[in-house]
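Below is one structure, written out as structure tokens; the observations come after it.
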Amino acid sequence: MESLLQDVRYGWRMLCKNFGFTAIAVLTLAIGIGATTAIFSVVDTVLLRPLPYLDPGQLVVVTETLPQMSSEEIGVAAGEFQDYRDRNRSFSQMAAFESAGFNLTGEGHPLRVNAAQVSASTFPLLGVSPELGRVFTPDEGRSDTSPVVVISHSLWQHQYASDPNILGKTIKLDEKSFTVVGVMPASFRFPFDGAPLSEMADLWTALVFDPHLLQPENRTQEFGVVLIGRLKPGVSLEQAQQDVESIATVFMKQYGYSGTVEVAPKTYRFAAYAMQKARPLVILLAMAVACLLLIACANVANLLLARSGQRKREMAVRSAVGANPSRLLRQCLVESMLLSSLGAGAGIAVAKAAVEGLRKFGPADVPRLHDVVLHPSVLLFTLAISVLSAIVFGFAPAWRLSHVAPRSSLKESVQTGPARGTQRLQNVAATIEIAAALVLLISGGLLGRSFVRLLNSPFGFDPNGTFVVRTLFDRSRYPDPVKRNAIQKQLLQDLQRLPGVTAAAAASHLPLSDTRQIGFRLERAATDDYHWAENSLISPGYFHAMGISLLKGRDFSEQDVPDAPNVAVINETMARRFFPGQDPVGQRFQWGGRTYFTVIGVAADVHISALDADPQPMIYYSMFQVASGASGRTAFVLRSNAGTGLFSAVQKQIWAADKDLPLYQTSTLATLVSESLAQRRFTLLLLGSFAVVALTLAAIGLFGVISHLVADRTREFGVRMALGANRTSIYWQVLRRAAELGIGGCALGLLLSVLASRLLTSSLYHVSRFDLPTMLLVPLLLLGVALFAAYWPARRATRVDPMVALRCE
């Protein structure tokens, strides 16, 4: 221990003595370790940290797809939930939930709240107790009981000022009275654990199934229920999958499922299901910072190797007076550990700042990003990577210095060039730096080209100068469709008259914000041949207000009322896919059990779910002709040259018509477009920043290698010029060495990029992961930077005075 402390004190003095070297090495390590720690904090929170439930690893989600129609998950039907619950052999408990939304009225301004309808078994299955009160009883899942509600900690805090007497209070949800029976803890976000804060549940109500949907003949009319189960001890996910598949096979045969309504159940770990959208992004960033840390370690290794040439005489003398190789190795590793510890300390400061930046400026659709902090486990990770870094960048120089032979070291001091072993290690480190930098640069280049392609692709609508205000005409408050249509039409007329408004329309669902799918059957198709299409209920003039081109036929008119023939407008994709070589106008299809609808127009394609998702078949109905469960939600679309002050004028008009109509998600179409690109922009910005830092570190590392080469070969260059070599040949000799390192690093980097680009596949939009311009231009850029980094050392080599070089030696 005494000798170890002596090594620590000596190492500290050596680092202080070489302050410039220490500062550069610590800064390099701080960048690598800090970035790695920050991204690991995101990985830890988003992917690794268990959800706040009892034994969350045993929670499994069960949902379904309709393979002959689409691969998208649709949940399960109400009657199917009972089959899965009663017939399974894999789960000790099962529960069901659906997402919902309500108008909360009676407490100040009306409020639109997110909600989840859950079965009474949900809370016991999760093993979560309320902060106040109780949760649902089994009897409260029946339609003949008084409705009760459990509210979130956030709603209790912000809407009711943390009222301790909240239990027993009556609140109105969609004009229906509910009694508050419980308040959940702040950490409880089921079932939206993977959603941004704006989509978290504000309250939970008991899930009550419509008796109509439980009838055998109506089982496939409506899906959307999601199941969650707790695996029995010793049961694997694969066994559970086989179990639910066998159950589905039995009930499909029992109830006569056929054609496109045949279902395929799917099981997922609940944590993975909740975080599935964020997983590719987080893994991509983790791989990027691993490259950055590798570059930082290679850079510091190069610094130590360059410094080792200056310390050979010191180590030779220590060896000559009795120091054994293990003692010399320990001394060098202690210095590396001290250097790494300083880098880790500075890296934690960098990580803390980076985490704050991620929480503040990161995209809202990355789940749990707002929860990211530097947990103790993350600090242990920082300690681990600092130790690993010390070993990675310090071992090779330490090994060489601990095995110097005094005689050969003294002899080497009069050689005309550097030791080949040291140069070889420096070259390897520089090559690794360049290769890792190339991987980051190519990844950033591919994402950049993809982002530009996405921005340049047609949206299908004109987002400029278009404002959106949402409200909801719930069925409880407006049970009469005639009255609801009348007030919606009057509001549209009032909004049209506002100063600066050139067009006003309404829709149930808007692009890039919410989606709704319906099943339809073509007129002459088999009775069980259904297909999926996106759907929105719109008012006349919607296409003009949105800037959507009507390519054929006509728009809806005031004459398209419930008593008139049912009509619809479809998009280009649906016309091309289902009516190839035909005029789609006049074609007919059936929606559910309704009468036939006649196509009266074809509108241009619009990106519905996301800008990077290809347009899917789309059906538009007139909201004043078709009454459905979706028509209560209304988004008013206004095209105007006014500023955001328009929102207050719209609010006055809506509340003048009905003071209890909630206003929510007021925005502009341009904002919706920007938000849909937020995660891509965030990924590109972060990966681009890593690539720039990597390029800088690689250039610095190459500059150090070439500078050390020139310094070690000063006498050699002097001898060469004394024997007649011109300065140009010396200049190109140095640049050629830099080019060799650059080409070797680029070759290795291209090979690694081919492997790493698989992680980018899901993030690319109409760009191949082997994009030729990127694969050619990025290596050329890196080679140019490598030659630029070697320019000044090469110039210094040509200015060597032969007489001075020989006299100094």
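The values are calculated or read from the model by the stated rules, or taken from the named source; none is laboratory data. Values in this document were obtained by computation on a predicted structure and should not be read as measured data. So basically every Cβ, Gly included, is an ideal-geometry build from the backbone, and we count neighbours across all protein chains shown. Quick note on the areas: whole protein, heavy atoms, side chains included, nothing else; ligands and nucleic acids left out. Shrake-Rupley method; radii C 1.70, N 1.55, O 1.52, S 1.80 Å.
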Check: Residue check, Glu175 against (1) at pLDDT 90 or above; (2) out of contact with any strand residue (DSSP E or B) (no Cβ under 6 Å at 6 or more places or on another chain), all met but one. Which one?
Finding: (1)
Check: If you take the residues of the stretch 593-617 that are assigned to a loop (DSSP other than H, G, I, E, B) and more than 36 Å from the chain's Cα centre (by Cα), which of them is surrounded by the fewest Cβ atoms within 10 Å (Cβ to Cβ)?
Finding: Gly593
Margin query: Name the single residue that is nearest to Leu491 (Cα to Cα) among those in the stretch 643-656 being modelled with pLDDT of 85 or more and open to solvent by 50 Å² or more (accessible area, probe 1.4 Å).
Written below: Gln653
Margin query: Can you go through Leu663, Leu695 and tell me which one is modelled with pLDDT of 80 or more and farther than 30 Å from Leu764 by Cβ?
Written below: Leu663
Next item on the list: Please enumerate the residues belonging to the stretch 250-281 that are outside any helix (DSSP H, G or I), of a type in the set (Lys, Arg) and more than 19 Å from Glu199 (Cβ to Cβ).
Entry: Lys266, Arg269
Notebook entry, point to check: For Val719, are the conditions met, namely being among the β-branched types (Val, Ile, Thr), out of contact with any strand residue (DSSP E or B) (no Cβ under 6 Å at 6 or more places or on another chain) and touching a residue at least 24 places away in the same chain (Cβ under 8 Å)?
Noted result: yes
Check: Which one is surrounded by the most Cβ atoms within 10 Å (Cβ to Cβ) among residues in the stretch 24-57 that are under 18 Å from Ile295 (Cβ atoms) and among the small types (Gly, Ala, Ser)?
Finding: Gly32
Item checked: One residue from Leu760, Leu709, Leu685 being assigned to a helix (DSSP H, G or I), farther than 21 Å from Leu425 by Cβ and out of contact with any Ser or Thr (no Cβ under 7 Å at 6 or more places or on another chain) -> Leu685
Note to self: Of the residues Thr671, Thr683, only one is at negative phi and at pLDDT below 85; which?
What the structure shows: Thr683
Check: With respect to Gly645, is the statement that it is at negative phi and free of Cβ contacts under 8 Å to residues at least 24 places away in the same chain true?
Finding: yes
Notebook entry, point to check: Which condition number does Ser236 fail, the rest of (1) free of Cβ contacts under 8 Å to residues at least 60 places away in the same chain; (2) among the polar types (S, T, N, Q); (3) surrounded by 20 or more Cβ atoms within 10 Å (Cβ to Cβ) being met?
Noted result: (3)
Next item on the list: Under 9 Å between Cβ atoms, at least 6 apart or on separate chains: pull out the pairs that start in the stretch 110-127 with a residue that is closer than 21 Å to Pro52 by Cβ and without any contact (Cβ under 8 Å) to a residue 24 or more places away in the chain and end on any residue that is of a type in the set (Lys, Arg) and open to solvent by 10 Å² or more (accessible area, probe 1.4 Å).
Entry: none
Note to self: Would you confirm whether or not the stretch 203-217 contains a residue that is within 33 Å of the chain's Cα centre (by Cα), free of Cβ contacts under 8 Å to residues at least 60 places away in the same chain and open to solvent by 50 Å² or more (accessible area, probe 1.4 Å)?
What the structure shows: no
Checklist line | strands (runs of 3 or more DSSP E) fully within the stretch 73-179 counting 3 or more residues that are open to solvent by 20 Å² or more (accessible area, probe 1.4 Å) | finding: 91-105, 111-118
Notebook entry, point to check: So which residues in the stretch 223-239 are under 19 Å from Ile74 (Cα atoms) and either assigned to a helix (DSSP H, G or I) or in contact with a Gly (Cβ under 9 Å, 6 or more places away or on another chain) (or both), if there are any at all?
Noted result: Phe223, Gly224, Val225, Val226, Leu227
Next item on the list: Consider Ser258 carefully, then state whether it is small (Gly, Ala, Ser), open to solvent by 40 Å² or more (accessible area, probe 1.4 Å) and modelled with pLDDT of 85 or more.
Entry: no
Margin query: Of the conditions (1) part of a helix (DSSP H, G or I); (2) more than 16 Å from Trp792 (Cα to Cα), Gly724 satisfies every one except a single condition; which number is it?
Written below: (1)
Next item on the list: Within the stretch 577-586, identify whether any single residue is of a type in the set (Val, Ile, Thr), modelled with pLDDT of 90 or more and in a strand (DSSP E or B), and answer yes or no.
Entry: no
Next item on the list: Could you tell me whether Ile570 is out of contact with any Leu (no Cβ under 6 Å at 6 or more places or on another chain), open to solvent by less than 70 Å² (accessible area, probe 1.4 Å), aliphatic (A, V, I, L, M) and assigned to a strand (DSSP E or B)?
Entry: yes
Next item on the list: Would you please name the residue that is most open to solvent (accessible area, probe 1.4 Å), looking only at residues in the stretch 436-493 that are among the charged types (D, E, K, R) and closer than 30 Å to Ser762 by Cβ?
Entry: Arg453
Item checked: Neighbours by Cβ (under 6 Å, 6+ apart or cross-chain): first from the stretch 171-190, polar (S, T, N, Q); second surrounded by fewer than 22 Cβ atoms within 10 Å (Cβ to Cβ) -> Ser177/Thr170; Thr179/Val148; Thr179/Thr170; Ser187/Pro52
Notebook entry, point to check: Can you tell me how many residues in the stretch 551-567 are part of a loop (DSSP other than H, G, I, E, B), among the hydrophobic types (A, V, I, L, M, F, W, C) and either closer than 18 Å to Phe467 by Cα or out of contact with any Pro (no Cβ under 6 Å at 6 or more places or on another chain) (or both)?
Noted result: 2
Item checked: Residue check for Pro196: over 27 Å from the mean Cα position of the chain (by Cα), closer than 22 Å to Tyr53 by Cα and modelled with pLDDT under 90 -> no
